[in-house]
Amino acid sequence: MRYLDHAATTPVRPEVAELYVRELTREGNPSSLHAAGQAARRRLEEAREELAAALGAEPAEVIFTSGGTEADNLAVKGAVYAHPADRPRLLVSAVEHHAVLDAATWLGERGLADVGLLPVTGDGVVDLDGAGAAVGDGRDLALVSVMWANNETGVVQPVEELVALAAQVGAPVHSDAVQAIATLPIDFARSGLAAMTVTGHKLGGPVGAGALLARRELGLAPVHHGGGQERGVRSGTLDVAGAAALARAVHLAVADREAEARRLAVLRDRLVTEALAAVPGLRLTGAGAPRLPHVAHLTVEGADADSLLFALDMAGVGASAGSACQASFVLTAMGYPPEMARSALRFSLGRTSTDDDIDAVLAALPEAVERSRAANATRTR
């Protein structure tokens with residue numbers, strides 16, 4: 001199998017796996033006062049410092065979570081719960097990850113927030129004029145949440161411009177940076193963000209380990225309650241092994257991301273250029289926008305994503321689509337018609353990707369498209 005779905009999850013680095021296993025076999029709850037507990041606490045705080053240093057944050061700003069989804073929910077719901085207004089405003093982009101978008105929808109449906117969607121251009125970039133109008137004077141605005149880079153299309157958002165816009169009225173901004181950290185230069189302090197989401201399994205760490213970087217001045221209420229760990233906003237026995245593995249994975253990813261981003265961009269560009277030349281009716285998503293160097297997102301005229309993925313899988317190529325059995329809400333928000341929004345393919349590269357993987361995609365894609373188009377034509381007669 002040629003694996004081109006690293007944006008979904010990428011293999012754990014061997015050195016991170018070794019650290020993780022070693023920590024799993026050690027004793028001590030970091031909240032305990034005995035020697036084993038305090039040793040665990042030291043290792044936890046060392047992980048907090050390592051993660052903070054890699055991302056330009058202060059250790060006190062790191063809140064460990066079980067992953068990106070929990071961190072997003074803590075940012076979005078926590079900011080709304082903590083706001084003094086009865087129904088504070090919450091702004092999220094129309095192309096957010098479901099962890100943000102569904103959390104916002106849930107709050108809106110229950111009358112806990114007045115939710116607004118920030119529109120995007122045809123390339124999937126948040127419209128700054130529309131965002132400025134939505135932010136307005138900032139009154140009762142609990143949070144603006146815009147992901148650093150889209151998990152489906154790979155389009156990079158103008159986060160720093162949005163932060164500057166929101167800062168004019170004192171509004172805090174959160175960004176889900178899960179897809180961006182391994183390949184883009186990200187510094188939490190310089191970004192001006194109030195909060196930022198991180199997870200391990202997109203950059204060589206284990207599933208189930210993540211963090212929310214949150215400035216101390218950002219008001220957050222807990223989403224669940226218990227022992228009051230992590231600044232009183234994220235209760236639960238702390239996962240020392242997960243924190244250590246996450247911190248090491250982020251450290252390693254940041255250390256070599258400039259060279260790795262260049263390498264992956266070469267592979268991505270070759271895939272896109274040769275695929276567009278070989279298969280008529282392919283279209284590159286977000287072609288006019290800045291994009292992640294490891295993601296190639298294509299729509300395939302006359303095909304549908306499910307049959308494309310099945311044909312590629314049968315040929316030994318693992319890829320993904322924006323949304324199974326339905327139109328991608330991301331592409332719909334970008335103005336794509338339903339038939340195109342159901343035809344998307346995402347190829348995402350990672351540390352183990354090589355030219356052989358690109359060769360495999362280019363060899364399998366023309367026949368996969370032909371089969372999908374034939375099947376789609378039969379169904380729509």
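The values are calculated or read from the model by the stated rules, or taken from the named source; none is laboratory data. This one's a predicted model, so the numbers in the text were calculated from it and none came from an experiment. Please note: Cβ atoms are built from the backbone with ideal geometry, for glycine as well, and neighbour counts cover all protein chains shown. Just the protein is used for accessible areas: all its heavy atoms, side chains included, with ligands, DNA and RNA removed. Shrake-Rupley method; radii C 1.70, N 1.55, O 1.52, S 1.80 Å.
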For the charge dipole of segment 252-314, defined by +1 on Lys and Arg C-beta atoms and -1 on Asp and Glu C-beta atoms about the Cα centroid, which residue among Val295, Val279, Ala265 has the Cα displaced farthest towards the positive pole?
-> Ala265
Percent of accessible area on the chain owned by carbon and sulfur, 1.4 Å probe?
-> 52
Solvent-accessible area per residue for the chain at a 1.4 Å probe radius, Å²?
-> 41
What area, in nm² and to one decimal, does the C-alpha convex hull of segment 257-342 cast on average over all directions?
-> 6.3
Hey, what number do you get for the chain at 222 nm if only DSSP H runs of n ≥ 4 count, each worth -39500 (n - 2.57), divided across all residues, to the nearest 500?
-> -13500 deg cm²/dmol
Sequence ranges 200-209, 224-233, ranked by mean other-Cβ count within 10 angstrom, highest first = 200-209, 224-233
Where nothing but the Cβ of Lys and Arg (+1) and of Asp and Glu (-1) is charged, how large is the charge dipole of segment 36-77 around its Cα centre, in debye to the nearest 20?
-> 200
Once segment 176-318 is represented by equal point scatterers at the alpha-carbon sites, with solvent omitted, what log10 I(q)/I(0) does the Debye formula produce at q = 0.20 Å⁻¹?
-> -1.25
Zero-based 10 Å bins, Cα pair distances in segment 127-210, whole percents | 17, 47, 27, 8, 0
Calculate how steeply helix 68-82 sits against the longest principal axis of the alpha-carbon atoms of the chain, using the helix alpha-carbon long axis, and give the answer as 0 to 90 degrees to the nearest 10.
-> 60
Taking Cα atoms, the helix 98-109 axis meets the longest principal axis of the chain at an angle in degrees (rounded to 10) of 70
Alpha carbon centroid spacing (whole Å) that separates segment 362-381 from segment 117-142 = 38
Lys/Arg Cβ at +1, Asp/Glu Cβ at -1, dipole of the chain taken about the Cα centre: which of Leu309, Ala134, Thr332 is farthest positive-ward?
-> Leu309
Accessible-area value, Met147, 1.4 Å probe, nucleic acids and ligands omitted, Å² = 0
Work out the length of the dipole vector of segment 138-198 about its Cα centre, built from +1 on the beta-carbon of each Lys and Arg and -1 on the beta-carbon of each Asp and Glu, and round it to the nearest 20 debye.
-> 120
In the Gaussian network model of the chain, springs joining C-alpha atoms below 10 Å, which of Glu109, Glu50, Glu23 carries the largest mean-square fluctuation?
-> Glu109
May I ask for the equivalent-ellipsoid semi-axes of segment 66-182, computed as the square root of five times each C-alpha gyration tensor eigenvalue and listed largest first in whole Å?
-> 20, 17, 12
Candidate cut points under trypsin sites (Lys or Arg not before Pro) in segment 43-123, DSSP loop plus at most 15 other Cβ atoms within 10 Å of their own Cβ, are Arg110
Once the chain is represented by equal point scatterers at the alpha-carbon sites, with solvent omitted, what log10 I(q)/I(0) does the Debye formula produce at q = 0.08, 0.13 Å⁻¹?
-> -0.42, -1.06
Shape descriptor, segment 229-378: equivalent ellipsoid semi-axes (Cα gyration tensor, sqrt 5λ, whole Å, largest first) stand at 33, 20, 15
Measuring from its Cα centre, the chain shows a charge dipole (+1 at each Lys and Arg Cβ, -1 at each Asp and Glu Cβ) which, in debye to the nearest 20, is 400
Ser93, Ser32, ranked by accessible area, largest first (probe 1.4 Å) = Ser32, Ser93
